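Everything on this sheet refers to the single structure shown next.
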Amino acid sequence: MIKKWLRNSRMGFLSGQSGIMRRMLREEGGWQSHLIKTSEYIQQAVKDQQPKSIRILGSGWLLDVPMQFLIERCERIILTDIVHPNQIINKYSGYNNVEFETLDITGGIVDLIYNQKKKDFEGNEFIQKISAIKPLIFSEDIIVSVNLLSQLSVILTDYLTKKIKLTDIQSMAIMEEIQKKHIEILPAKKSVLIFDYEEEYHDEDGKLIGSKPTVYTTIPRGDGKREWNWRFDTKMMYKEDCKTILSVIAIRL
């Protein structure tokens, strides 16, 4: 238990969760449109498919998950994350149909990166190790991946970069493979995928001054596609001297 806590702390999973909450509060309601759109998209999928069970991947603070709506309509809600905020456990552990599962949804990529030694690292071989990891299998009626596809790969590659001087090409190749493996765990005909795919940088006057992709793998076409912008950071603290807006896609796979 202590080993996992140390791993999660060192790799940034704990600080990452705290950072998300701090940024949301700092934005003073600026996230509201994104959170509402995400919640509404999940609600519509549940209305259409009427699942008895639903699994939320990367549940975290549940900022964008319509929990009361799900509690009233689903027999089982499995909140899945590598670490759960204590406040969320306390809030929902009293519901008979809400379960918490503490899980590395990458199926082992977290430990692979955590245990990687600098002297043993070889880029192509490392990517092959990621590719060889068997994806987890989930059996619930709906699987929801919420704002996780790019963020998980960033946390993991950022940690690896602290240990090993990755080139930009190596970093993108590893992110691509991590994202590809995430898509593999989402079963066809019963998955909801909500993710950012691009960061846009704007100056103080709102003028676009740059952008970069956040997803490098191929995304299945899916159904019910919706797109919107997420005013992620308007206080110019995520990227110095510019405001960051994320381009978001929601699809059903």
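Quick note: the coordinates plus some simple rules give every number you see, no bench work behind them. These numbers come from a predicted model, not from an experiment.
³J(HN,Hα) across region 98-105 via Karplus (A = 6.51, B = -1.76, C = 1.60, θ = phi - 60°), whole Hz, x for Gly/Pro?
Using θ = phi - 60°, the values come out as 10, 10, 10, 10, 8, 8, 7, 6 Hz.
Strictly over 24 Å apart at the Cα level, which of LYS4/LYS239; LYS134/LYS180; LYS52/LYS129; LYS162/LYS239; LYS4/LYS190; LYS117/LYS239 would you flag in this model?
Where the Cα-Cα span goes over 24 Å, the pairs concerned are LYS4/LYS239; LYS52/LYS129; LYS4/LYS190; LYS117/LYS239.
Dividing the alpha-carbon radius of gyration of the chain by 2.2 N^0.38 Å (N being the number of residues), what value is obtained?
Expressed relative to 2.2 N^0.38 Å, the Cα Rg reads 1.00.
Near the amide H of GLU198, under 5 Å away, which other amide H atoms are found, from residues 5 or more places off or on another chain, if H is placed in the peptide plane?
THR214, SER247
Can you compute 3J(HN,Hα) from phi for each residue in region 231-236, using the Karplus curve 6.51 cos²θ - 1.76 cosθ + 1.60 with θ = phi - 60°, rounded to whole Hz and x for Gly and Pro?
6, 6, 8, 9, 9, 6
From the square roots a ≥ b ≥ c of the eigenvalues of the alpha-carbon gyration tensor of region 57-166, which class results: rounded (a/c under 1.5), prolate (a/b over b/c), or oblate?
prolate
Show which lysines lie in cross-link reach of LYS243 when reach means a straight Cα distance below 23 angstrom and same-chain residues fewer than eight apart are skipped.
LYS37, LYS207, LYS212, LYS235
Would you mind calculating the relative contact order of region 2-252 from Cα pairs under 8 angstrom and at least 6 residues apart, reporting the percent as a whole number?
The value is 19 percent.
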